[in-house]
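To keep things clear, I will list the structure first and then write my remarks on it.
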Amino acid sequence: MTLKIEHLTGGYTGVPVIKDINLEIKPGEALGLIGLNGAGKSTTIKHILGLLRPQKGSIVLNDINLTQQPTKFKRQVAYIPETPVLYPELTLKEHLELTMLSYHLDEEKAWKRAHELLKMFRLDDKLDWLPIHFSKGMRQKVMIVSAFLANASLLVIDEPFTGLDPLAVANLIDLIKQAIADGKMVLMTTHVLADAQQAISNYAVLNNGTIEVIGSLTDIRQHYGLKPDDPFDKLYQTLNQVDRHE
């Protein structure tokens, strides 16, 4: 019962963006995928979601190979994108109903969970609203509610803090902590390490399409020669210097 990525190489039109990526996430674990823009984070996520076909390597979740059983694989994955993607003609209620159908959820139990999540993110009185009436932050909250409603084994979360108010950030962190406690697997990309570290203990640093180090933020600081009290921004400055010298 793990997410296992082995020797993953991939990208676009035959040009590799990520090279020989190896990652493993076990139930009850959360991994932060960090790096500069262009390091390969989005490409890695697109491969895990099945949007790109690997040039080499494999992606297996709970013994299900993405390439061999894509539908079964994807039903175990919930995704929160950096930019919310909603259907303009569907209400919030209809978006949630679509999630329930897609993941074959028990309707009664799912609606009970949905109402808890909607109340948490102050969306419980907006079930009949269309996306055109939602702000950017509210759209992001809809994606969060849908993802945690899905009850998937793996949560893939891409830069989730963008556009969220402080209360929503705190609620999201609590949901991630609860998912980990419930034995879910979490993969999250973020530049906001101060918030991420409240829920995530291990990180993988992507640089130029390869993973340079996996470990705690303390391990990563030591790897790049940073002091314990150096601000997180200095990590990205160091990565930029490493990138320029390669």
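For the chain, what is the mean residue ellipticity at 222 nm derived from helices alone (per DSSP H run of n ≥ 4: -39500 (n - 2.57); sum divided by total residues; nearest 500 deg cm²/dmol)? Theoretical 222 nm ellipticity from helices: -11000 deg cm²/dmol. Excluding ligands, DNA and RNA, the accessible surface per residue across the chain is 50 Å² with a 1.4 Å probe.
Here the translational diffusion coefficient of the chain follows from Stokes-Einstein with Rh set to the Kirkwood radius across Cα pairs; for 20 °C and 1.002 mPa s it amounts to 114 µm²/s. Using only Cα atoms, find the angle between the long axis of helix 107-120 and the longest principal axis of the chain, and express it within 0 to 90 degrees, rounded to the nearest 10. Roughly 70 degrees between the two axes.
Helix 136-149 and the longest principal axis of the Cα set of the chain meet at an angle near 80°.
As a length-normalised measure over Cα pairs under 8 Å and 6 or more apart, the relative contact order of the stretch 1-159 settles at 24 percent.
Taking Cα centre as origin and charging only the Cβ of basic (Lys, Arg, +1) and acidic (Asp, Glu, -1) residues, the dipole magnitude of the stretch 1-138 rounds to 400 debye. Run through the DSSP bridge list for the stretch 133-246 and note the antiparallel percent, rounded to the nearest 5. Restricted to the stretch 133-246, the bridges split so that about 50 percent are antiparallel. Angle, helix 233-244 long axis vs. longest principal axis of the chain, Cα atoms, 0 to 90°, nearest 10? Rounded to the nearest ten degrees, it is 60.
Shown for the stretch 158-246: the carbon plus sulfur share of the solvent-accessible area, taken with all protein chains present and a 1.4 angstrom probe, equals 48%. Legend: residues PHE161, PHE232, sorted from most to least accessible area (1.4 Å probe; ligands, DNA and RNA excluded), read PHE232, PHE161.
When a 1.4 Å probe is rolled over the protein heavy atoms, the share of accessible surface on the stretch 79-134 that falls to carbon and sulfur comes to 54 percent.
The values are calculated or read from the model by the stated rules, or taken from the named source; none is laboratory data. Keep in mind that this is a model prediction, so the values were computed, not measured. Virtual Cβ from ideal backbone geometry, glycine too; neighbours counted across all protein chains shown. Each accessible area value is taken on the protein alone, full model and side chains, heavy atoms only, with ligands, DNA and RNA left out. Shrake-Rupley method; radii C 1.70, N 1.55, O 1.52, S 1.80 Å.
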